[in-house]
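The values are calculated or read from the model by the stated rules, or taken from the named source; none is laboratory data. Small disclaimer: the values here were computed from a predicted structure and weren't measured. Every residue, glycine as well, gets a Cβ built from its backbone with ideal geometry; the counts of neighbours run over all protein chains shown. Each accessible area value is taken on the protein alone, full model and side chains, heavy atoms only, with ligands, DNA and RNA left out. Shrake-Rupley method; radii C 1.70, N 1.55, O 1.52, S 1.80 Å.
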Amino acid sequence: RQARAMAGYSLLVSLFFLLAFRAMGWAIPMFGWREAWLGCAWGLLIAAPVFGWLVVEPLPTSTDDSAGDHPPCSSATTWQAVRSPIFWLFAMTSSLFAFVSSGLALFQQSILAERQLGAAVYYQLLLVSTVAGLVGNLISGLIAQRLQYHRLMALAMTIYAFAMVAFPFVQTSFEASV
């Protein structure tokens with residue numbers, strides 16, 4: 001049940017990002033970035049409580065035996081986790097990814113303009129990267145059932161590193177999308 005909920009969440013997040021990118025791509029040239037983002041903020045302020053109310057899980061009852069469906073898993077205390085090298089590997093890797101992807105997202109339009117690629121390519125790339133992210137999340141979820149997480153993280157970061165190395169050589173909108 002939890003796997004289906006997470007899959008649904010990932011799918012809906014990706015679809016809503018697609019809609020948001022398309023809407024912002026239309027609204028920013030039409031109204032300017034301030035008004036477009038203000039409209040986005042108002043939309044989120046209205047939609048978030050509604051969606052939150054719709055997806056509240058019922059409290060478990062004493063007759064609810066769904067808790068027995070999950071196999072027991074081992075866990076560590078916070079201090080045990082912090083002393084583990086794998087914790088620091090995941091923390092540093094995910095932080096590095098967040099740092100690089102945030103910088104790229106923040107300066108992506110400027111980077112593309114430097115490559116003589118216009119705003120249309122920027123908006124196209126937002127859509128392509130969102131779809132690629134959705135497909136990548138689905139594939140990663142399937143692979144994660146068979147591959148250890150640290151190996152999956154290493155594979156994903158290697159692919160990301162190759163993409164970042166190739167990015168300065170982008171010349172066309174097709175190359176930017178690949």
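Using a probe of 1.4 Å, the accessible surface attributed to residue 31 totals some 110 Å² when neighbouring protein chains are kept in position. Of 90, 17, the order by accessible heavy-atom surface (1.4 Å probe, DNA, RNA and ligands excluded), from most exposed downward, is 17, 90. Note on residue 127 and residue 42: their simple-model spin labels are 2.6 nm apart, each label 7 Å out from Cα toward Cβ.
Backbone phi angles across segment 139-147, fed through the Karplus curve with coefficients 6.51, -1.76 and 1.60 (θ = phi - 60°), yield HN-Hα couplings of 5, 4, x, 5, 5, 5, 6, 10, 10 Hz in residue order; Gly and Pro are listed as x. For segment 81-90, putting each phi into the Karplus relation 6.51 cos²θ - 1.76 cosθ + 1.60 with θ = phi - 60° gives couplings of 5, 5, 7, 7, x, 5, 4, 5, 4, 5 Hz, in residue order, rounded to whole numbers and with x for Gly and Pro. Simple spin-label estimate for residue 145 and residue 102 gives 3.4 nm between the two label positions (7 Å along the Cα-to-Cβ direction from each Cα).
The trypsin sites (Lys or Arg not before Pro) of segment 81-178 that meet both conditions, a loop assignment by DSSP and at most 13 other Cβ atoms within 10 Å of the site Cβ, are 83, 146. Annotation: extensible slack from residue 171 through residue 34 equals 46.2 nm (criterion: 0.36 nm per residue apart, minus Cα-Cα distance).
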